Amino acid sequence: FQPIVDAQTQQIQSIEALARWRLDGVWIAPYEFIPIAEEAGLIGELGQQMLKHACATLQRLHGLGWPISCSVNVSIRQFSDGDLGAEVLSLLRLHQLTPDVLHIEVTESLIAQREVELSRTLHRLSELGLRLHLDDFGTGYSSLSRLQQLPLHTLKIDRSFVTPLSEGNTVMVHTIVEMARSLGLQVIAEGVETLGQYELLCQLNVDFMQGYLFAKPMPEAELLVWLEQRPLAQASC
(Lines give C-alpha, C1' and ligand atoms only; values in the text may rest on other atoms or scores of the structure.)
Protein backbone atom coordinates (compact mmCIF):
# COMPACT_ATOMS: atom_id res chain seq x y z
CA PHE A 1 0.00 0.00 0.00
CA GLN A 2 1.29 3.47 -0.86
CA PRO A 3 -0.10 6.52 0.96
CA ILE A 4 -1.74 9.41 -0.90
CA VAL A 5 -1.48 12.68 1.02
CA ASP A 6 -3.29 16.00 1.00
CA ALA A 7 -1.11 18.57 -0.75
CA GLN A 8 -1.93 21.31 1.73
CA THR A 9 -1.44 19.40 4.97
CA GLN A 10 0.57 16.29 4.01
CA GLN A 11 -1.96 14.32 6.05
CA ILE A 12 -2.83 10.89 4.68
CA GLN A 13 -6.13 10.81 2.82
CA SER A 14 -5.98 7.48 1.07
CA ILE A 15 -3.81 4.53 0.09
CA GLU A 16 -3.35 2.74 -3.20
CA ALA A 17 -3.24 -1.05 -3.24
CA LEU A 18 -0.34 -2.20 -5.41
CA ALA A 19 0.42 -5.74 -6.55
CA ARG A 20 3.85 -7.01 -5.45
CA TRP A 21 5.32 -10.50 -5.77
CA ARG A 22 8.12 -11.81 -3.58
CA LEU A 23 9.85 -14.91 -4.93
CA ASP A 24 12.70 -16.59 -3.03
CA GLY A 25 13.33 -13.39 -1.08
CA VAL A 26 13.45 -11.20 -4.18
CA TRP A 27 10.78 -8.66 -5.15
CA ILE A 28 9.61 -9.17 -8.74
CA ALA A 29 8.59 -5.93 -10.47
CA PRO A 30 4.96 -5.63 -11.64
CA TYR A 31 6.03 -4.96 -15.23
CA GLU A 32 7.50 -8.48 -15.18
CA PHE A 33 4.70 -10.51 -13.60
CA ILE A 34 1.56 -8.62 -14.70
CA PRO A 35 2.04 -9.56 -18.41
CA ILE A 36 2.57 -13.18 -17.30
CA ALA A 37 -0.66 -13.10 -15.30
CA GLU A 38 -2.47 -11.70 -18.34
CA GLU A 39 -1.07 -14.35 -20.69
CA ALA A 40 -1.91 -17.12 -18.21
CA GLY A 41 -5.48 -15.89 -17.79
CA LEU A 42 -4.89 -15.11 -14.10
CA ILE A 43 -5.20 -11.32 -14.20
CA GLY A 44 -8.90 -11.41 -13.29
CA GLU A 45 -8.23 -13.63 -10.27
CA LEU A 46 -5.35 -11.37 -9.22
CA GLY A 47 -7.63 -8.35 -9.48
CA GLN A 48 -10.27 -10.05 -7.34
CA GLN A 49 -7.67 -10.85 -4.68
CA MET A 50 -6.56 -7.20 -4.71
CA LEU A 51 -10.14 -6.01 -4.12
CA LYS A 52 -10.66 -8.52 -1.30
CA HIS A 53 -7.37 -7.63 0.38
CA ALA A 54 -8.02 -3.89 0.04
CA CYS A 55 -11.46 -4.16 1.67
CA ALA A 56 -10.18 -6.36 4.50
CA THR A 57 -7.33 -3.92 5.14
CA LEU A 58 -9.70 -0.94 5.16
CA GLN A 59 -11.91 -2.66 7.72
CA ARG A 60 -8.90 -3.20 10.00
CA LEU A 61 -7.61 0.35 9.53
CA HIS A 62 -11.02 1.85 10.27
CA GLY A 63 -11.25 -0.27 13.38
CA LEU A 64 -7.93 1.19 14.54
CA GLY A 65 -9.13 4.75 14.01
CA TRP A 66 -7.80 5.44 10.50
CA PRO A 67 -10.92 6.24 8.39
CA ILE A 68 -9.06 6.43 5.08
CA SER A 69 -10.00 5.21 1.60
CA CYS A 70 -8.20 2.85 -0.77
CA SER A 71 -7.68 2.89 -4.53
CA VAL A 72 -7.55 -0.36 -6.51
CA ASN A 73 -6.67 -0.70 -10.18
CA VAL A 74 -9.14 -2.85 -12.10
CA SER A 75 -8.28 -4.84 -15.23
CA ILE A 76 -10.36 -5.25 -18.38
CA ARG A 77 -10.95 -8.91 -17.42
CA GLN A 78 -12.76 -7.83 -14.25
CA PHE A 79 -15.01 -5.57 -16.31
CA SER A 80 -15.84 -8.28 -18.81
CA ASP A 81 -16.13 -11.29 -16.45
CA GLY A 82 -19.24 -11.36 -14.29
CA ASP A 83 -20.84 -8.39 -12.52
CA LEU A 84 -18.14 -6.14 -11.07
CA GLY A 85 -20.71 -3.91 -9.35
CA ALA A 86 -22.31 -6.85 -7.53
CA GLU A 87 -18.89 -8.22 -6.56
CA VAL A 88 -17.81 -4.88 -5.09
CA LEU A 89 -21.08 -4.40 -3.21
CA SER A 90 -20.76 -7.87 -1.70
CA LEU A 91 -17.23 -7.11 -0.47
CA LEU A 92 -18.26 -3.76 0.98
CA ARG A 93 -21.13 -5.34 2.90
CA LEU A 94 -18.94 -8.19 4.12
CA HIS A 95 -16.40 -5.75 5.54
CA GLN A 96 -18.97 -3.17 6.72
CA LEU A 97 -17.63 -0.41 4.49
CA THR A 98 -19.40 2.45 2.73
CA PRO A 99 -18.90 2.67 -1.07
CA ASP A 100 -17.12 6.03 -0.92
CA VAL A 101 -14.03 4.50 0.74
CA LEU A 102 -13.26 2.28 -2.25
CA HIS A 103 -11.81 4.08 -5.27
CA ILE A 104 -11.62 2.25 -8.58
CA GLU A 105 -8.72 3.14 -10.88
CA VAL A 106 -8.81 2.58 -14.63
CA THR A 107 -5.89 3.47 -16.87
CA GLU A 108 -6.41 6.08 -19.53
CA SER A 109 -5.07 3.78 -22.25
CA LEU A 110 -7.61 1.09 -21.30
CA ILE A 111 -10.52 3.51 -21.56
CA ALA A 112 -9.20 4.86 -24.85
CA GLN A 113 -9.24 1.32 -26.26
CA ARG A 114 -12.46 -0.02 -24.68
CA GLU A 115 -14.61 3.02 -23.86
CA VAL A 116 -17.93 1.60 -25.08
CA GLU A 117 -17.38 -1.69 -23.25
CA LEU A 118 -16.39 0.00 -19.97
CA SER A 119 -18.75 2.96 -19.91
CA ARG A 120 -21.86 1.15 -18.63
CA THR A 121 -19.98 -0.53 -15.77
CA LEU A 122 -18.24 2.72 -14.79
CA HIS A 123 -21.60 4.49 -14.58
CA ARG A 124 -22.97 1.60 -12.52
CA LEU A 125 -20.04 1.80 -10.07
CA SER A 126 -20.47 5.55 -9.77
CA GLU A 127 -24.20 5.15 -9.08
CA LEU A 128 -23.31 2.72 -6.28
CA GLY A 129 -21.24 5.47 -4.65
CA LEU A 130 -17.72 4.43 -5.59
CA ARG A 131 -15.24 7.08 -6.72
CA LEU A 132 -13.53 6.58 -10.07
CA HIS A 133 -9.97 7.60 -10.87
CA LEU A 134 -8.44 7.89 -14.34
CA ASP A 135 -4.89 6.61 -13.88
CA ASP A 136 -1.75 7.51 -15.87
CA PHE A 137 -3.49 10.58 -17.26
CA GLY A 138 -1.68 12.22 -20.14
CA THR A 139 -0.43 8.98 -21.70
CA GLY A 140 -3.54 7.57 -23.37
CA TYR A 141 -4.88 10.38 -25.58
CA SER A 142 -8.21 11.03 -23.87
CA SER A 143 -10.58 13.40 -25.62
CA LEU A 144 -12.39 16.14 -23.74
CA SER A 145 -15.73 14.62 -24.74
CA ARG A 146 -14.69 11.32 -23.11
CA LEU A 147 -13.75 13.07 -19.89
CA GLN A 148 -17.10 14.85 -19.85
CA GLN A 149 -19.17 11.75 -20.57
CA LEU A 150 -17.57 9.34 -18.10
CA PRO A 151 -18.46 9.58 -14.37
CA LEU A 152 -14.91 10.33 -13.23
CA HIS A 153 -13.98 11.99 -9.96
CA THR A 154 -10.20 12.24 -10.16
CA LEU A 155 -7.34 12.46 -12.67
CA LYS A 156 -4.00 10.95 -11.70
CA ILE A 157 -1.11 12.76 -13.39
CA ASP A 158 1.43 10.26 -14.65
CA ARG A 159 4.92 10.43 -13.14
CA SER A 160 6.36 11.13 -16.60
CA PHE A 161 4.91 14.65 -16.26
CA VAL A 162 5.96 15.07 -12.63
CA THR A 163 9.64 14.22 -13.18
CA PRO A 164 10.30 17.19 -15.56
CA LEU A 165 9.19 19.55 -12.79
CA SER A 166 12.71 19.19 -11.38
CA GLU A 167 13.92 21.02 -14.50
CA GLY A 168 11.28 23.73 -14.17
CA ASN A 169 9.03 22.31 -16.88
CA THR A 170 5.53 22.94 -15.52
CA VAL A 171 3.54 23.33 -18.75
CA MET A 172 1.93 19.88 -18.90
CA VAL A 173 0.99 19.69 -15.23
CA HIS A 174 -0.42 23.22 -15.33
CA THR A 175 -2.51 22.34 -18.39
CA ILE A 176 -3.85 19.12 -16.85
CA VAL A 177 -4.76 20.83 -13.56
CA GLU A 178 -6.58 23.66 -15.34
CA MET A 179 -8.50 21.19 -17.49
CA ALA A 180 -9.42 19.10 -14.44
CA ARG A 181 -10.67 22.21 -12.64
CA SER A 182 -12.89 23.13 -15.59
CA LEU A 183 -14.40 19.62 -15.47
CA GLY A 184 -14.87 19.61 -11.70
CA LEU A 185 -12.30 16.86 -11.14
CA GLN A 186 -9.69 16.47 -8.42
CA VAL A 187 -6.03 15.82 -9.25
CA ILE A 188 -3.49 13.40 -7.78
CA ALA A 189 0.16 13.74 -8.84
CA GLU A 190 2.07 10.43 -8.91
CA GLY A 191 5.80 9.86 -8.55
CA VAL A 192 6.59 12.84 -6.32
CA GLU A 193 10.16 12.29 -5.16
CA THR A 194 11.70 15.67 -4.30
CA LEU A 195 10.82 18.67 -2.18
CA GLY A 196 11.20 20.85 -5.27
CA GLN A 197 8.57 18.85 -7.12
CA TYR A 198 6.29 19.07 -4.11
CA GLU A 199 6.60 22.85 -3.89
CA LEU A 200 5.89 23.31 -7.60
CA LEU A 201 2.88 21.00 -7.44
CA CYS A 202 1.57 23.06 -4.53
CA GLN A 203 1.92 26.20 -6.63
CA LEU A 204 0.08 24.45 -9.46
CA ASN A 205 -2.82 23.65 -7.06
CA VAL A 206 -2.66 19.87 -7.20
CA ASP A 207 -5.04 18.35 -4.62
CA PHE A 208 -3.18 15.21 -3.59
CA MET A 209 0.26 13.66 -4.04
CA GLN A 210 1.78 10.21 -4.00
CA GLY A 211 5.42 9.20 -4.18
CA TYR A 212 8.66 8.29 -2.43
CA LEU A 213 8.93 11.77 -0.90
CA PHE A 214 6.16 10.70 1.45
CA ALA A 215 6.37 6.90 1.53
CA LYS A 216 7.27 3.87 -0.54
CA PRO A 217 4.73 1.09 -1.10
CA MET A 218 4.69 -1.15 1.98
CA PRO A 219 2.88 -4.16 3.44
CA GLU A 220 0.00 -3.54 5.83
CA ALA A 221 2.10 -4.11 8.96
CA GLU A 222 4.65 -1.50 7.86
CA LEU A 223 1.88 0.88 6.87
CA LEU A 224 0.52 0.74 10.41
CA VAL A 225 3.94 1.62 11.81
CA TRP A 226 4.23 4.48 9.30
CA LEU A 227 0.83 5.81 10.31
CA GLU A 228 1.72 5.74 14.00
CA GLN A 229 5.16 7.30 13.51
CA ARG A 230 4.45 10.00 10.94
CA PRO A 231 7.30 12.54 10.87
CA LEU A 232 6.50 16.24 11.01
CA ALA A 233 5.71 17.72 7.61
CA GLN A 234 8.78 18.95 5.75
CA ALA A 235 6.87 21.79 4.15
CA SER A 236 3.38 23.09 3.58
CA CYS A 237 1.76 24.77 0.61
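The values are calculated or read from the model by the stated rules, or taken from the named source; none is laboratory data. Please read all numbers here as calculations on a predicted model, not as lab measurements. Positions of Cβ are backbone-derived with ideal geometry, glycine not excepted, and every protein chain shown enters the neighbour counts. Please note that ligands, DNA and RNA were not included when accessible areas were found on the heavy atoms of the full protein model with its side chains. Shrake-Rupley method; radii C 1.70, N 1.55, O 1.52, S 1.80 Å.
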Q: Determine ³J(HN,Hα), in whole Hz, for all residues of the stretch 180-188 in sequence, where each value follows from phi through the Karplus function 6.51 cos²θ - 1.76 cosθ + 1.60 and θ = phi - 60°; x replaces Gly and Pro.
A: 4, 4, 5, 9, x, 10, 7, 10, 10
Q | Shape call, the stretch 110-216: gyration tensor on alpha carbons, a/c limit 1.5 | A | prolate
Q. Tell me, what % of the accessible area of the chain is carbon and sulfur with a 1.4 angstrom probe?
A. 51 percent
Q) If Glu45, Glu39 are ordered by their accessible area, calculated over protein heavy atoms with a 1.4 Å probe, which sequence runs from highest to lowest? A) Glu39, Glu45
Q: Note down the accessible area of Phe161, probe 1.4 Å, to the nearest 10 Å².
A: 30 Å²
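Just to confirm, what accessible area per residue do you get for the stretch 1-53 at 1.4 Å probe, in whole Å²?
I get 58 Å² per residue for this part.
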Q) Between Ala189 and residues 5 or more places away or on another chain, which pairs have amide H atoms under 5 Å apart, with H built 1.01 Å from N, and which residues are they? A) Ile157, Phe208, Met209, Gln210
Q: Decide, for the stretch 159-237, between rounded, prolate and oblate: order the square roots of the alpha carbon gyration tensor eigenvalues as a ≥ b ≥ c, take rounded if a/c falls under 1.5, and otherwise choose prolate if a/b is larger than b/c, else oblate.
A: prolate
**Q.** the stretch 16-147 shape via C-alpha gyration tensor axes, a/c threshold 1.5
**A.** oblate
Q. So how do Arg230, Arg20, Arg93 rank on accessible area, 1.4 Å probe, biggest first, that is with the largest at the start?
A. Arg93, Arg20, Arg230
Q. With every protein chain present, what is the per residue accessible area of the stretch 166-209 (1.4 Å probe, Å²)?
A. 47 Å²
Q: In nm, give the distance between the simple-model label positions of Thr163 and Glu39, each being 7 Å from the Cα along the Cα-to-Cβ direction.
A: 2.5 nm
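How would Glu222, Glu228 rank on accessible area, largest to smallest, probe 1.4 Å?
Order by accessible area, largest first: Glu228, Glu222.
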